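Undergrad: Let me begin by handing over the structure; questions about it come next.
The values are calculated or read from the model by the stated rules, or taken from the named source; none is laboratory data. Predicted model, so just to flag it, every value in this text is computed and none were measured. Note that we place each Cβ from the backbone using ideal geometry, even for glycine, and neighbour counts take in every protein chain shown.
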Amino acid sequence: MTSVSNAAVGAFLAGNAAAKARHGMNEAIARLSTGVRSMYGGDAAGASVAHTLRAEGRSAMAAARNVEDGISFLQAGESALLEIAALATRLRELAVQDLNADFLDANQEAAITAEENAILAAGNAIDNSALNGVSMLTAAMAFTTDLDGGLSTLGAAAGITLAAGRANADTQLGKIAKALGSMAAGIAALKGHQGNLYALSANSEAAAARIQDTDFARSSANLAKFSILNQSAMAMVAQANQASSAVLAVLQ
């Protein structure tokens, strides 16, 4: 009876070993197929940290896109200001040309006036231009520059009102120069925020990957190891069963 009992215990031990080996194989297969190291309860605490880091990294990337919207807005405003500056410069040029009015005939004076009117119409239209429905030159805008909703007020209310005459052109060119300075300062500030957010996103993703992503070399080695152990344990189950059969044969 003792021999029979020992043979049964051996079969149970080998069967338990086979079950553990299969569990190890399943863990390795799950991690290799998903690329997630924390599968099957591997490093639950690390998984929590990795999820937080990955969420922060992706949020930082979204914030960087928000900043890019701000840069695009200011660049569009800058371009509009440069066009208005060119128009104001032409208005000044026409005003100086018109100083020679005694030499010009009525048709030539009319041509100057017509060009001035066309420039004023174009300047007013550009001054009212908008991006995504938001006016670029009538007010400063607040843009989100971080993950917590922090705002930076950028751009400027240029307050440009073109009119014929050299004095008005000089006044408007002064306003344009000031507004361009504000636009340029805003673009420079946003680029700094954007660079920081890109770096934060990349490093958060890298930190999360180091914690959570599968070590393919180790998992592949574990798969081979547990596959061999499973086969060996099953062979031992067969050996234990044969031993039990041999004892029974003797008893018969």
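Undergrad: Go through region 200-241 and give me each residue that's of a type in the set (Gly, Ala, Ser), assigned by TED's automatic domain parsing to the domain that holds Ala30 and touching a Gly at 6+ places or on another chain (Cβ under 6 Å).
TA: Ala240
Undergrad: Does Ser182 count as hydroxyl-bearing (Ser, Thr, Tyr), modelled with pLDDT of 90 or more and crowded, with 18+ Cβ neighbours inside 10 Å?
TA: No: the conditions fail for Ser182.
Undergrad: So, one more: Only one residue in Ala88, Ala95, Ala60 is assigned by TED's automatic domain parsing to the domain that holds Asp148, over 30 Å from Thr171 (Cβ atoms) and of a type outside the set (D, E, K, R). Which one?
TA: Testing whether each residue is assigned by TED's automatic domain parsing to the domain that holds Asp148, over 30 Å from Thr171 (Cβ atoms) and of a type outside the set (D, E, K, R) leaves just Ala60.
Undergrad: Tell me the residue from Ala125, Ala101 that is in a helix (DSSP H, G or I), free of Cβ contacts under 8 Å to residues at least 12 places away in the same chain, under 18 Å from Leu173 (Cα atoms) and not acidic (Asp, Glu), please. Show your work before the answer.
TA: Numbers: Ala101 fails: under 18 Å from Leu173 (Cα atoms).
Every option except Ala125 fails the conditions.
Undergrad: Can you tell which of Glu78, Glu115 is closer than 30 Å to Gly195 by Cα, at pLDDT 90 or above and of a type in the set (D, E, K, R)?
TA: Within the list Glu78, Glu115, the selection yields Glu78.
Undergrad: For Met136, state whether it is closer than 19 Å to Lys178 by Cα, surrounded by 13 or more Cβ atoms within 10 Å (Cβ to Cβ) and either modelled with pLDDT of 90 or more or in contact with a helix residue (DSSP H, G or I) (Cβ under 6 Å, 6 or more places away or on another chain) (or both).
TA: yes
Undergrad: Keeping to region 162-176, report how many residues are touching a residue at least 24 places away in the same chain (Cβ under 8 Å), part of a helix (DSSP H, G or I) and more than 9 Å from Ala88 (Cβ to Cβ).
TA: 1
Undergrad: Could you say which residue among Ala121, Ala110 is aliphatic (A, V, I, L, M), within 44 Å of the chain's Cα centre (by Cα) and exposed (fewer than 13 other Cβ atoms within 10 Å of the Cβ)?
TA: Values: Ala110 fails: within 44 Å of the chain's Cα centre (by Cα).
Residue meeting the stated conditions: Ala121.
Undergrad: While we're on this one: For Ala80, indicate whether it is in contact (Cβ under 8 Å) with a residue 60 or more places away in the chain and either over 30 Å from Asp146 (Cα atoms) or assigned by TED's automatic domain parsing to the domain that holds Ser182 (or both).
TA: no
Undergrad: Pull up region 33-55, narrow it to residues that are part of a helix (DSSP H, G or I) and crowded, with 17+ Cβ neighbours inside 10 Å, then point me to the one that is nearest to the chain's Cα centre (by Cα).
TA: Within region 33-55, the match that is nearest to the chain's Cα centre (by Cα) is Arg54.
Undergrad: It is to be established whether one or more residues within region 106-117 are assigned to a helix (DSSP H, G or I), farther than 29 Å from Asp69 by Cα and in contact with a Gly (Cβ under 6 Å, 6 or more places away or on another chain).
TA: No.
Undergrad: Could you tell me whether any residue of region 45-58 is in contact (Cβ under 8 Å) with a residue 24 or more places away in the chain and within 30 Å of Ala130 (Cα to Cα)?
TA: Yes: region 45-58 contains one or more residues that are in contact (Cβ under 8 Å) with a residue 24 or more places away in the chain and within 30 Å of Ala130 (Cα to Cα).
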